[in-house]
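*Asks:* First the structure, then my questions, so here it is.
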Amino acid sequence: MAGERVAVLILDFGSQVTQLIARRVREHGVYCEIVPFNVGADAVARLDPAAIILSGGPASVIGDAAPSAPDVVFTLGVPVLGICYGQQTMVAQLGGRVENAQHREFGRAFIDIETVVPLFEDVWVKGGREQVWMSHGDRVIALPEGFQAVARTEGAPFAAIADLSRNFYGVQFHPEVIHTPDGAKLIGNFLFRVAGLKGDWTMSTFRERAIAAVREQVGTGRVICGVSGGVDSSVAAVLIHEAIGDQLQGVFVDTGLLRAGEAEEVLTVFRDNYNIPLVHNDATDLFLEKLAGVTDPEAKRKIIGATFIDVFQEEAEKVGGADFLAQGTLYPDVIESVSFTGGPSATIKSHHNVGGLPERMNMALVEPLRELFKDEVRDLGRELGLPEHMVGRHPFPGPGLAIRVPGEITAEKLDILRQADAIYLNEIRNAGLYDAIWQAFAVLLPVRTVGVMGDERSYDYALALRAVTSTDGMTADYYPFDHEFLGRTANRIINEVRGVNRVVYDVTSKPPGTIEWE
């Protein structure tokens, strides 16, 4: 939490899996934060970390203008773990040597354990051979004074190194990814055996501190919060309401781009279950008017964001305005909205806060979830007593169904998609698969196909179904439905939804990045 010591500080050098390092640390009950590698010595000292982790990254240590850690990292007297590029910059900055590897290593590799150090204790044994995940084109060829090699691979003689007197460790592989089977245990050893930290960061303690922080920030002011039924905004609203009560005013802008029954659910949960003051503006016609004739997906997102801000501000003024605007910003949003290195982790998802926060709104932001990952927000929602069907719901982006109707958006297309999507999700729930899937949705394709239904020819839309598994939304793989499920679901959609005569299943896997359709 803001204002308390950061147990573990992670310096990001642009790795596409830096967030996974933070997730592994927090899974051990230890609080951590990610900052860009060039955050500066004063900022590192101010955060007063008990331990530091240097992430991987796409750069080469021996290249021009190679990113490096602030020198204070190595003089604070705290344990440091360098991962991949983090190991290489540690070596280079402390007097060792790195070169372009003749034998590059990408993917699965096997590491030979030469010495058991605290990082390996009760996980790996001397003389053992263990699976790890590599991703490097450079390698360490000479160690700084005080370091020793503790593990090697065929292509990396210094695959793991240690300076036991200073508690500095470096690994060429990635312990944060699941492809290093014992990686989470190694990170746990760094946290507890090396750094001596306690795994006492819980969602209960976060809740207490977050409520206190909101009260301190808001004082006697008024907060206005946009709610949509999504996990993030719902948890933020309930947390803030617990902190300041009727000083919170909820605003529900119905864009007409929600799934079936969602508008009614939002009103029921917030008005009846939590008694949160809530105004409702059904702006369906306005959004359809603004989106008429627009086919470019990025243009759709910007129009939706800007229109939402306009309607939201109008409703805010009707209820007397507010001093603060509450948002369900999550930690990945914060990280992705800051260009750390120009590498993969600097990618900004355009559906995050697409409308921005216009100066004319003249409100300060309250973002009580900005230090949490998605699964942590779900845990907080359960801690606050939100119903499981809302806490456990699949991610649903702000632009809603608009980005699942490629091409022009019309009321007719939205109605067809809403019906088909509801059937799809109903079948997933009936099969007991909803919680095994990260996200599932239907997409109304911008093509019509000729079909025969009974004794008649039809000329209707084709519909695509998508379902993916993921742990964090960074990478995704399609869910392997059996043919019986797909056949039953397609049959229901074609029979019950007028306007669809063909259903296909998308089996695309996604690398790190967005898992949306457009």
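The values are calculated or read from the model by the stated rules, or taken from the named source; none is laboratory data. These figures come from a predicted structure and were not determined experimentally. Glycine gets a Cβ as well: all are built from the backbone with ideal geometry, and neighbour counts include every protein chain shown. Each accessible area value is taken on the protein alone, full model and side chains, heavy atoms only, with ligands, DNA and RNA left out. Shrake-Rupley method; radii C 1.70, N 1.55, O 1.52, S 1.80 Å.
*Asks:* Can you find, within segment 70-101, the residue that is surrounded by the most Cβ atoms within 10 Å (Cβ to Cβ) among those that are part of a helix (DSSP H, G or I) and among the aliphatic types (A, V, I, L, M)?
*Replies:* If we take residues in segment 70-101 being part of a helix (DSSP H, G or I) and among the aliphatic types (A, V, I, L, M), then 90 is surrounded by the most Cβ atoms within 10 Å (Cβ to Cβ).
*Asks:* Would you be able to say whether some residue in segment 261-268 is in a loop (DSSP other than H, G, I, E, B) and surrounded by fewer than 17 Cβ atoms within 10 Å (Cβ to Cβ)?
*Replies:* Within segment 261-268 (the criterion being in a loop (DSSP other than H, G, I, E, B) and surrounded by fewer than 17 Cβ atoms within 10 Å (Cβ to Cβ)), the answer is yes, since at least one residue qualifies.
*Asks:* Something else now. Going through segment 218-243 one residue at a time, which ones are in contact with an Asp or Glu (Cβ under 6 Å, 6 or more places away or on another chain) and either part of a helix (DSSP H, G or I) or buried (at least 17 other Cβ atoms within 10 Å of the Cβ) (or both)?
*Replies:* 222, 229, listed by residue number.
*Asks:* Moving on to the next point. What is the residue count in segment 139-183 for residues that are charged (D, E, K, R) and not in a loop (DSSP other than H, G, I, E, B)?
*Replies:* 3
*Asks:* Next question, about the same structure. Would you tally the residues in segment 184-217 being closer than 30 Å to residue 244 by Cβ, open to solvent by 40 Å² or more (accessible area, probe 1.4 Å) and part of a loop (DSSP other than H, G, I, E, B)?
*Replies:* Residues in segment 184-217 being closer than 30 Å to residue 244 by Cβ, open to solvent by 40 Å² or more (accessible area, probe 1.4 Å) and part of a loop (DSSP other than H, G, I, E, B): 2 in total.
*Asks:* In this structure, is residue 407 open to solvent by less than 30 Å² (accessible area, probe 1.4 Å), at positive phi, modelled with pLDDT of 85 or more and of a type in the set (Gly, Ala, Ser)?
*Replies:* Yes: the conditions hold for residue 407.
*Asks:* Given 22, 59, which one is of a type in the set (A, V, I, L, M), over 21 Å from residue 191 (Cβ atoms) and either out of contact with any Ser or Thr (no Cβ under 9 Å at 6 or more places or on another chain) or not in a strand (DSSP E or B) (or both)?
*Replies:* One residue alone meets the criteria, 59.
*Asks:* Just checking, how many residues over segment 386-415 are more than 26 Å from residue 303 (Cβ to Cβ) and touching a residue at least 12 places away in the same chain (Cβ under 8 Å)?
*Replies:* 5
*Asks:* Then there's this: What single numbered condition from (1) of a type outside the set (Asp, Glu); (2) over 30 Å from the mean Cα position of the chain (by Cα); (3) surrounded by fewer than 17 Cβ atoms within 10 Å (Cβ to Cβ); (4) in a strand (DSSP E or B) fails to hold for residue 108?
*Replies:* Condition (2) is where residue 108 drops out.
*Asks:* Quick test of your reading of the structure: residue 251 fulfils all but one of (1) in contact (Cβ under 8 Å) with a residue 60 or more places away in the chain; (2) touching an Asp or Glu at 6+ places or on another chain (Cβ under 6 Å); (3) not in a strand (DSSP E or B). Name the failing condition by number.
*Replies:* The failed condition is (3).
*Asks:* Next question. Kindly indicate whether any position in segment 152-166 is open to solvent by less than 10 Å² (accessible area, probe 1.4 Å), touching a residue at least 60 places away in the same chain (Cβ under 8 Å) and over 16 Å from residue 94 (Cα atoms).
*Replies:* no
*Asks:* Just one of 149, 159 is in contact with a Lys or Arg (Cβ under 7 Å, 6 or more places away or on another chain) and among the aliphatic types (A, V, I, L, M); which is it?
*Replies:* Exactly one residue qualifies, and that residue is 159.
*Asks:* So which residues in segment 119-142 are farther than 24 Å from residue 58 by Cβ and crowded, with 17+ Cβ neighbours inside 10 Å, if there are any at all?
*Replies:* Passing the criteria: 119, 120, 123, 124, 130.
*Asks:* Hey, any hits in segment 198-206 for a residue that's farther than 19 Å from residue 54 by Cβ, touching a helix residue (DSSP H, G or I) at 6+ places or on another chain (Cβ under 8 Å) and of a type in the set (S, T, N, Q)?
*Replies:* yes
*Asks:* Say whether the condition of being outside any helix (DSSP H, G or I), without any contact (Cβ under 8 Å) to a residue 24 or more places away in the chain and more than 20 Å from residue 495 (Cα to Cα) is met by at least one residue in segment 430-443.
*Replies:* The answer is yes; a qualifying residue exists.
One line per residue, one yes/no per condition, for (1) over 27 Å from residue 289 (Cβ atoms); (2) in contact with a Cys (Cβ under 6 Å, 6 or more places away or on another chain); (3) of a type in the set (D, E, K, R):
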site: 201; (1), (2), (3): yes, no, no
site: 210; (1), (2), (3): yes, no, no
site: 220; (1), (2), (3): yes, no, no
site: 258; (1), (2), (3): no, no, no
site: 262; (1), (2), (3): no, no, yes
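*Asks:* Given the criteria aliphatic (A, V, I, L, M), open to solvent by less than 40 Å² (accessible area, probe 1.4 Å) and under 17 Å from residue 414 (Cα atoms), does residue 294 qualify?
*Replies:* Here the answer is yes, as residue 294 does meet what is asked.
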